[in-house]
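Working notes, beginning with the structure itself.
All of the numbers you see were taken from the coordinates with simple rules; none came from a lab. For clarity, every value in this text was computed on a predicted model and none was experimentally measured. All Cβ positions, glycine included, derive from the backbone under ideal geometry; neighbour counts span all protein chains shown.
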Amino acid sequence: MNPPSHDERAVEAVLFAAEAPMTLAEIRAAAGEGVDVAEGLRALAESYAARGIHPVERGGRWHFQTAPDLAHILRRTREEPRKLSRAAIETLAIIAYHEPVSRAEIEAIRGVQISKGTLDVLMEAGWVRPAGRREVPGRPLIYATTPAFLTHFGLTSRRDLPGIDDLRAAGLLDPIDEVMLNVEVESGDDEG
Amino acid sequence: MNPPSHDERAVEAVLFAAEAPMTLAEIRAAAGEGVDVAEGLRALAESYAARGIHPVERGGRWHFQTAPDLAHILRRTREEPRKLSRAAIETLAIIAYHEPVSRAEIEAIRGVQISKGTLDVLMEAGWVRPAGRREVPGRPLIYATTPAFLTHFGLTSRRDLPGIDDLRAAGLLDPIDEVMLNVEVESGDDEG
Amino acid sequence: MDETGDTLTIDIDGWEGPLDLLLALARQQKVDLRELSILALVEQYLAFIEGAKALKLEIAADYLVMAAWLAYLKSGLLLPRDPEVEPSPEELALRLHLRLQRLDAMREAGARLMGRDRLGRDVFPRGAPEGLKLVRKAAWQADLFDLIAAYGAITARNRPVMHVVSRRPVMTLEAALQRVEAMLGQALDWTTLERFLPATTDPSLARSSRASSFLAMLELAKQGRLELRQESAFDTLWVRAA
């Protein structure tokens with residue numbers, strides 16, 4: 001590239017060393033008299049267009065960040081498959097069938113308390129989201145499923161969930177293991 | 001400039017995002033398989049030669065920093081880093097130019113005992129570390145500088161210490177007893 | 001300087017020890033340290049200490065020790081040489097000279113070090129690095145069957161449970177009586193009890209029919225319509241019409 005102008009170099013160094021994104025006024029104050037900040041930013045954007053890092057503006061504030069296409073390098077995610085706990089899968093099922101539901105309602109349906117972690121796990125998985133508050137005393141948070149939930153479980157819409165009659169026909173309402181279930185649920189191994 | 005290669009962009013983004021200077025091995029681990037880190041660093045140094053920031057090597061570790069000629073802009077907004085006492089500065093210099101050295105050796109050069117706090121300050125700053133013991137009677141602790149010392153003072157390695165070659169050539173880094181032996185052997189009688 | 005009682009105490013911390021003071025005096029001579037006259041330096045040091053004494057300044061012991069040593073060195077350098085004295089005054093002077101040069105070199109080096117482009121003062125690292133993170137993300141696993149099975153389990157758990165006792169495979173006493181009576185008419189001689197039981201692979205039906213048939217036989221025996229015989233306890237039970 002052409003040797004960068006002083007305007008460009010000054011803005012470059014100021015933005016780089018900044019501890020937080022900076023407004024034009026802040027850059028101007030830091031770069032000092034006689035630096036054309038607008039011109040510096042323009043030149044900077046051009047110089048860095050193809051590079052691994054570049055200056056970006058967010059809400060009137062500028063900062064350097066790494067190129068989005070290199071994100072995989074900088075934030076390598078290692079996926080560790082984990083099975084949802086019984087508490088989590090039951091909570092998810094209740095939300096899916098009854099949404100939007102409050103935590104108290106989930107507990108009433110489930111017949112067992114749920115821990116905070118259970119909902120967190122479902123939200124971390126991206127399957128459940130807070131969906132506002134119920135306008136009743138206490139204004140409890142209510143929860144609903146997300147589009148990612150439908151995608152993950154291969155559903156076009158929530159109407160695709162089998163109804164109670166379907167469940168009965170499939171033998172899924174038979175209270176066969178009821179005693180065993182209760183034992184498991186109460187033993188407190190409830191975490192997601 | 002030419003569009004940077006993937007090698008260069010990957011190394012650029014990694015160094016830019018890193019919270020601390022990185023060794024080649026660390027850069028390689030972060031940039032991922034198939035990235036030629038040495039080539040990336042070489043290209044990077046070239047691309048940034050004239051810019052307001054550039055990659056530097058300090059004690060085998062690389063990081064980006066602002067160009068020294070822009071110090072006047074950036075310094076204005078910053079507090080002066082810790083002010084060292086004269087004793088601390090001399091002690092640091094003695095350790096850097098003689099390392100590893102024992103406390104007694106530092107005191108012999110300075111002609112005065114060093115107070116407890118002096119070494120502490122240097123160690124707290126992260127510039128000096130204990131580097132084992134000298135295998136002589138009393139097994140005194142010996143001290144050496146750290147990679148952070150090189151980073152802070154902008155030294156690629158200890159060979160970059162200002163004037164170290166001249167001092168060595170003049171024998172000013174040799175112990176006095178050694179010099180005296182040579183003097184006696186070679187010229188016998190020397191006027192002070 | 002500060003005042004403590006009657007005596008003034010010189011702020012001796014201004015010098016980092018006698019060697020530092022010597023070096024300061026040497027520099028006042030404005031000559032290259034290599035050309036420095038040790039004798040002249042000694043004179044200056046002794047004069048300085050005398051001056052401080054005259055001002056009734058309290059002087060730290062190590063400065064006085066150095067003064068005594070320098071006075072000795074001075075006399076050694078000025079008086080005719082005594083070859084018996086080891087080390088020679090010249091050697092001592094050279095050592096002092098070397099020490100001053102070394103301290104001076106390190107002082108110089110320290111100043112040059114401090115004057116470099118220092119990180120955080122003259123040059124700056126990135127202010128807000130995003131960091132390189134290895135994020136461990138749990139890939140939560142569950143499929144649609146898990147989901148609906150779970151819902152089925154909850155529903156089943158909380159539904160009012162209707163208790164339906166299903167028909168179990170048993171042979172009632174009435175059925176056994178009818179069967180034994182009918183079969184007894186066909187049997188001519190002693191017959192084992194087992195011959196009266198229906199063929200089945202269901203173990204619970206087999207148990208039930210054995211028990212019911214035995215009861216039926218006891219009843220019929222009581223009525224005098226059949227006889228039972230057994231050689232010993234738990235041995236084969238024989239039956240015939242009376």
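Okay, here's what the table says:
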read-out: Nearest-20 debye value, the protein assembly as shown charge dipole, Cβ charges on Lys, Arg, Asp, Glu; value: 3160 debye
read-out: Distant alpha-carbon pairs in chain B (separation over 28 angstrom), percent; value: 44 percent
read-out: Helix axis angle, B:176-186 relative to chain B longest principal axis, alpha carbon, degrees; value: 60 degrees
read-out: Along each principal axis, Cα extent of region A:39-141, largest first, Å; value: 64, 36, 19
read-out: MRE, 222 nm, helices only [DSSP H, n ≥ 4, -39500 (n - 2.57), over the protein assembly as shown, to nearest 500]; value: -14500 deg cm²/dmol
read-out: For B:ALA49, inter-copy label distances in nm, listed shortest first [label point 7 Å out on the Cα-Cβ vector]; value: 2.3
read-out: Fraction of antiparallel bridges per DSSP, the protein assembly as shown only, in percent to nearest 5; value: 75 percent
read-out: Cα-projected label distance for A:HIS54 with A:THR23, points at 7 Å along beta-carbon direction, nm; value: 2.6 nm
read-out: Cleavage-rule hits, GluC sites (Glu not before Pro), region C:32-119, DSSP coil, Cβ neighbours within 10 Å at most 10; value: C:GLU84
read-out: Neighbour-limited loop hits for trypsin sites (Lys or Arg not before Pro), region C:39-119 (at most 15 other Cβ within 10 Å; DSSP other than H, G, I, E, B); value: C:LYS56, C:ARG81
read-out: Fewest-first ranking of C:PHE214, B:PHE64, using other Cβ atoms within 10 Å as the exposure measure; value: C:PHE214, B:PHE64
read-out: Nm distances between copies for A:ALA38, ranked from closest, using label points 7 Å along Cα→Cβ; value: 4.9
read-out: Cα-projected label distance for B:ARG168 with A:ALA169, points at 7 Å along beta-carbon direction, nm; value: 8.8 nm
read-out: Amide H contacts under 5 Å for C:VAL123, placed H, 5+ residues apart; value: C:ARG118
read-out: 5 angstrom amide H check on B:SER102, placed H, neighbours 5+ away; value: B:TYR143
read-out: DSSP beta bridge pairing in chain C, given as percent antiparallel to the nearest 5; value: 75 percent
read-out: Positive-end residue, chain C charge dipole about Cα centroid, Cβ charges, pick of C:GLY17, C:SER204, C:ALA242; value: C:ALA242
read-out: Per-residue ³J(HN,Hα) for region B:29-35, Karplus 6.51 cos²θ - 1.76 cosθ + 1.60, θ = phi - 60°, Hz, x for Gly and Pro; value: 5, 7, 6, x, 4, x, 8
read-out: Cα long-axis angle, helix C:89-114 against chain C (0 to 90 degrees, to the nearest 10); value: 50 degrees
read-out: Size of electric dipole in chain B: Cβ of Lys, Arg +1 and of Asp, Glu -1, about Cα centre, debye, nearest 20; value: 1060 debye
read-out: Spread of Cα-to-Cα distances over 10 Å intervals beginning at zero, given as percent, for region B:100-192; value: 13, 34, 36, 13, 3
read-out: Projected area, mean over directions - the protein assembly as shown, Cα convex hull, nm²; value: 62.1 nm²
read-out: Residue order, fewest to most beta carbons within 10 Å, for B:ASP120, A:ASP7, B:ASP174; value: B:ASP120, B:ASP174, A:ASP7
read-out: Cβ-vector label at 7 Å, B:GLY132, separations to other copies in nm; value: 7.1
read-out: Dipole magnitude of region A:1-61, debye to nearest 20 (Cβ charges: Lys/Arg +1, Asp/Glu -1, about Cα centre); value: 200 debye
read-out: Cleavage-rule hits, GluC sites (Glu not before Pro), region A:1-88, DSSP coil, Cβ neighbours within 10 Å at most 14; value: A:GLU19, A:GLU33
read-out: Rounded tilt (10° steps) of A:86-98 against the dominant C-alpha axis of chain A; value: 90 degrees
read-out: In sequence order, calculated HN-Hα J values of region C:218-227 (Karplus, 6.51, -1.76, 1.60; Hz; x Gly/Pro); value: 4, 4, 5, 5, 4, 7, x, 9, 8, 10
read-out: Residue-by-residue Karplus 3J(HN,Hα) for region B:61-69, coefficients 6.51, -1.76, 1.60, Hz, glycine and proline x; value: 10, 10, 7, 8, 8, 6, 5, x, 6
read-out: Debye intensity ratio in log₁₀ form over the Cα atoms of region A:6-75, taken at each q of 0.13 Å⁻¹; value: -0.34
